[in-house]
Amino acid sequence: MGIDGRIYPAHSLPTQKAGELEFMDVWYPIQVKQKDKTGRPDIDSFEAVMMREKRNKGFFVSFDFTRDALTEIDAFFRREGRVIIPLTVREILDEEIAAKLA
């Protein structure tokens, strides 16, 4: 269905026992592509998933991104106000992702 995983942020954990499962609705989709360069069609598909799942933030992991893909990520934010964070495998392995996640 276009989602390879979900991130449940720590700030969404319930503060009281009564609603232990309430945080389950606060999550961010993750899409992973094992390609040299992810292109715009891949981003378009992920945008559709984010719209369908009503998510305002998502993460896309790939070895690299084409310029068209990065342009579409920016256009999606300007058009819909939804954020796709592109992460490369190298950034993750080098632990250079803190600035992108802030």
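The values are calculated or read from the model by the stated rules, or taken from the named source; none is laboratory data. Quick caveat, the model's predicted, so the values are computed rather than measured. Cβ atoms come from the backbone with ideal geometry, glycine included; neighbour counts cover every protein chain shown. Just the protein is used for accessible areas: all its heavy atoms, side chains included, with ligands, DNA and RNA removed. Shrake-Rupley method; radii C 1.70, N 1.55, O 1.52, S 1.80 Å.
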For the range 24-87: relative contact order, % (alpha-carbon pairs under 8 angstrom, 6 or more apart): 40 percent
Zone residues, the range 53-71, relative to L93, backbone N less than 20 Å from point 7 Å out along Cα-to-Cβ: 60-66
For the range 63-102, with +1 on Lys and Arg beta carbons and -1 on Asp and Glu, the positive-most of L93, T66, V83 along the dipole: V83
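Work out, step by step, the length gained on full extension between E53 and K100: first 0.36 nm times the residue separation, then minus their alpha carbon distance; give nm to one decimal.
Values: separation 47, 0.36 × 47 = 16.92 nm, distance 2.25 nm.
Net length gain for the segment: 14.7 nm.
If r is the Cβ-Cβ distance from F77 to D4 and R0 is 30 Å, what FRET efficiency results, to the nearest 0.05?
Values: r = 21 Å, r/R0 = 0.71.
Here the calculated transfer efficiency is 0.90.
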Per residue value of the accessible surface for the range 48-102 (all protein chains in place, 1.4 Å probe), Å²: 62 Å²
Net charge, I92 excluded, C-beta distance under 15 Å - Lys, Arg +1, Asp, Glu -1: -3
Between the range 32-55 and the range 62-91, the alpha-carbon center distance in angstrom: 9 Å
